[in-house]
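The values are calculated or read from the model by the stated rules, or taken from the named source; none is laboratory data. The structure presented is a predicted model; accordingly, all values stated were derived computationally and were not measured. In this analysis, Cβ positions are derived from the backbone assuming ideal geometry, glycine residues included, and neighbour counts consider all displayed protein chains. All accessible areas refer to the heavy atoms of the entire protein, side chains included, with ligands and DNA or RNA removed. Shrake-Rupley method; radii C 1.70, N 1.55, O 1.52, S 1.80 Å.
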Amino acid sequence: MKRPAFRPTHVVPPRGMPAWEAPDPARPTVPLDPLLPVQLVERRGDWGQIRCANGWAAWVDGRRLVAVPEDPPAADGPDGTADPRPLLARAEKALAAYRSAVEELAAGALDGEDFADRTRDLRIGLVVDGESMWLYDPEEGRWVYGDGRRLTTYATDRTVTGAQDTGHAPTRLVAPEGER
């Protein structure tokens with residue numbers, strides 16, 4: 001049976017996140033990489049089962065996932081006026097730097113520690129689907145949508161400040177009936 005095409009519904013938070021084999025904190029598995037696109041397939045209270053593009057599945061704290069909008073934002077307003085070319089050039093430069101470090105690592109000119117040092121501050125995120133593009137802007141800490149002519153912000157890494165902001169959703173000690 002052919003699996004449906006992978007369409008991410010969320011991305012992993014910018015600092016990565018732990019994952020588990022089952023919705024049970026005693027069964028950890030490998031942590032997820034920052035900004036990894038994932039598909040949320042099931043929710044059980046605060047737990048979320050995700051699937052990656054390669055078919056691997058795990059359970060995570062579903063509250064921490066960053067939603068990817070289904071429809072791109074309208075690029076007609078005042079926030080949709082940035083020229084995408086400078087940001088694309090920065091992404092291209094960062095990718096070239098990463099590729100260069102990978103080549104040197106593969107050739108034995110770098111060891112693992114030197115590779116980690118060379119790539120430590122590189123952040124790239126880019127999805128192109130036909131005329132639509134989602135691009136991560138590390139200088140501004142945001143994801144932008146582009147249609148080839150302009151960019152529009154649709155998600156940000158920046159924290160919201162305020163007296164009521166705790167940095168995370170409230171913890172529920174008991175899942176509502178039907179979510180167990």
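Subtracting the Cα-Cα distance of N54 and S100 from their residue separation scaled by 0.36 nm leaves 14.0 nm.
With R₀ fixed at 35 Å, the C-beta to C-beta distance from A116 to R149 puts the FRET efficiency at about 0.40. Among the protein heavy atoms, those of I50 account for about 0 Å² of accessible surface (1.4 Å probe, every chain in place).
On the beta carbon distance between T29 and R123, with R0 = 35 Å, the FRET formula returns roughly 0.90.
Assuming 0.692 mPa s and 37 °C, estimate D for the stretch 1-48 with Stokes-Einstein, Rh taken as the Kirkwood radius over Cα pairs, in µm²/s.
272 µm²/s
For the set D129, D121, the ranking by accessible area, highest first and with no ligand, DNA or RNA atoms included, is D121, D129 under a 1.4 Å probe.
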